[in-house]
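This report concerns only the one structure given below.
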Amino acid sequence: MKTRVMVIDKSAVLGEQLQEAARILRDGGLVAFPTETVYGLGANALDEEAAKKIYAAKGRPSDNPLIAHIADPSGLEPLVQEIPGAARKLMEAYWPGPLTMVFSKSSVVPYGTTGGLDTVAVRMPDDPVARELIRLAGVPVAAPSANTSGRPSPTSAEHVYEDMNGRIDMILDGGPVGIGVESAIVDVTGAVPILLRPGAVTMEMLEKTVGRVETDPAVISPVKADLKPRAPGMKYRHYAPKAELVLVEDEEWERQPKAHMTAVSSRVTAAITRLALEKAAVGKKVGIICTDETRQKYPDEGIWLRSLGTRGREETIAHNLFAVLREFDSLGVEAIYSESFSRDHLGQAIMNRLTKAAGYHIIKV
Ligand code: AMP
Ligand code: MG
């Protein structure tokens, strides 16, 4: 299959340009498109055959459900059995935006989209290209991240091309995404909303809007093999670079989490330096993930050093995370040592992705 790439000017989205992409979606084809979180791989969410193509293109296990994207709030009602009060408040506060909610599904949503579940995850993205495309398609658009399953999510059209060239009909190139980590997912089917995946709509924001919100255990620690997780995607290896990734953190900091925001201790930088040099000494290609505050503290020779940005701006850290993991992949780096981050606010999403990418390998010093 030949994959066409169409460059779209996000500041002046032209309907005519997107007509062709919308037609492909209506005809059961695959189109990758930018959203504010990461690039999505879109197909008609109501067409089981189209959804199957997504699983094939990504190499995604078929029990890992897809998120249906809608262009405006009125698109929700046909897909769900009911819209609970908490969901209405959250829609009001955060749609369009990086928040996905899980509802009881209506009969129009095929099981091929929901991985066999009786629930459906729905989001209204806040990206002009995404919204116009979905509007023109006239159907809800199932769109998981447009990467090969397991790899770091794509935050630019180039990342999508790397993974999807020859596998999908079209890539809409709207430039780099804004946020860089996937949407928060909240299950609103029960009495108390449950956070299934942290994102840029943070736990603190959710609680401010609806009061108490629970956190699914899979957000924090690995899912046990025999347990059926509420967000099925969580049981799979995720976001991972090809290299072995290890996080290093100061155990003292758990007691004062705010310290992560502004500084990293010399115990951490010393431990990362030692581990990196040991690996390099046995002939491995080694990468270090640091921050602007610590860049000077690491050896620059013989080690690939990449900063995620300043700790003062967690948005920058989130934005750069997947791109840096992918860059290490393309450099052929074999081992990566990374600093870690605070686990509150946007830091919860950053650390969720980083710890999963590391297979929960964290060294405390
Ligand atoms: P991705 O599309 O790569 O952002 O992944 C979508 C995530 O949404 C997966 O981890 C799924 O497990 C989760 N998800 C989608 N639909 C549902 C659902 N009905 N219930 C729970 N989680 C869902
Ligand atoms: Mg994904």
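Figures for the structure shown
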{"read-out": "Segments classed as strands (runs of 3 or more DSSP E), wholly inside the range 280-365, with at least 1 members that are open to solvent by less than 30 Å² (accessible area, probe 1.4 Å)", "value": "286-290, 304-307, 335-339"}
{"read-out": "Scope the range 94-121; condition in a strand (DSSP E or B), in contact with a Ser or Thr (Cβ under 7 Å, 6 or more places away or on another chain) and farther than 20 Å from Ser62 by Cβ; matching residues", "value": "Leu99, Phe103, Ser104"}
{"read-out": "Condition met for Ser74 (in a loop (DSSP other than H, G, I, E, B) and at pLDDT 95 or above)", "value": "no"}
{"read-out": "Number of the condition not met by Arg237 [criteria: (1) of a type outside the set (S, T, N, Q); (2) more than 16 Å from ligand 2 (Cβ to nearest atom); (3) open to solvent by 70 Å² or more (accessible area, probe 1.4 Å)]", "value": "(2)"}
{"read-out": "Near pairs, Cβ below 7 angstrom, 6+ apart or cross-chain, from the range 142-162 (of a type in the set (A, V, I, L, M, F, W, C)) to any residue that is assigned to a loop (DSSP other than H, G, I, E, B) and within 9 Å of ligand 2 (Cβ to nearest atom)", "value": "Val160/Ala146"}
{"read-out": "Any hit, the range 220-228, residues being at pLDDT 95 or above, out of contact with any Ser or Thr (no Cβ under 7 Å at 6 or more places or on another chain) and either in a loop (DSSP other than H, G, I, E, B) or within 14 Å of ligand 1 (Cβ to nearest atom) (or both)", "value": "no"}
{"read-out": "Hey, Gly116 on the phi > 0 side of the Ramachandran plot and away from ligand 2 (no atom under 15 Å from the Cβ) or not", "value": "yes"}
{"read-out": "Residue selected from the range 114-142 under the condition within 13 Å of ligand 1 (Cβ to nearest atom) and among the small types (Gly, Ala, Ser), by the criterion least open to solvent (accessible area, probe 1.4 Å)", "value": "Ala142"}
{"read-out": "Qualifying residue in the range 120-134 (condition: touching a Lys or Arg at 6+ places or on another chain (Cβ under 7 Å) and among the hydrophobic types (A, V, I, L, M, F, W, C))", "value": "yes"}
{"read-out": "Residues (small (Gly, Ala, Ser), within 13 Å of ligand 1 (Cβ to nearest atom) and at pLDDT 95 or above) located in the range 150-166", "value": "Ser153"}
{"read-out": "In the range 100-113, the residues that are within 9 Å of ligand 1 (Cβ to nearest atom) and under 21 Å from Phe33 (Cβ atoms)", "value": "Thr100, Thr113"}
{"read-out": "Residue list for the range 42-71, restricted to those being modelled with pLDDT under 95 and either surrounded by 23 or more Cβ atoms within 10 Å (Cβ to Cβ) or among the hydroxyl-bearing types (Ser, Thr, Tyr) (or both)", "value": "Ser62"}
{"read-out": "Pair list, Cβ under 7 Å, 6 or more apart: the range 17-41 residue farther than 19 Å from Ser145 by Cβ and open to solvent by less than 10 Å² (accessible area, probe 1.4 Å), other residue small (Gly, Ala, Ser) and more than 16 Å from ligand 2 (Cβ to nearest atom)", "value": "Ala22/Ala137; Gly28/Ala50"}
{"read-out": "Qualifying position, being aliphatic (A, V, I, L, M) and within 27 Å of Tyr161 (Cα to Cα), among Leu305, Leu346", "value": "Leu305"}
{"read-out": "Subset of the range 287-310 (residues that are among the aliphatic types (A, V, I, L, M) and over 12 Å from Ser338 (Cβ atoms))", "value": "Ile303"}
{"read-out": "Condition check for Arg267: surrounded by 19 or more Cβ atoms within 10 Å (Cβ to Cβ) and modelled with pLDDT under 95", "value": "no"}
{"read-out": "Within the range 66-93, tally of residues that are over 14 Å from Leu206 (Cβ atoms), in contact with a Ser or Thr (Cβ under 9 Å, 6 or more places away or on another chain), among the charged types (D, E, K, R) and in contact (Cβ under 8 Å) with a residue 12 or more places away in the chain", "value": "1"}
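The values are calculated or read from the model by the stated rules, or taken from the named source; none is laboratory data. Worth saying up front: this structure is predicted, and the values here are computed from it rather than measured. Neighbour counts are summed over all protein chains in view; Cβ atoms, including those assigned to glycine, are modelled from backbone coordinates with ideal geometry. Side chains are part of the model used for accessible areas, which takes the heavy atoms of the whole protein and leaves out ligands, DNA and RNA. Shrake-Rupley method; radii C 1.70, N 1.55, O 1.52, S 1.80 Å.
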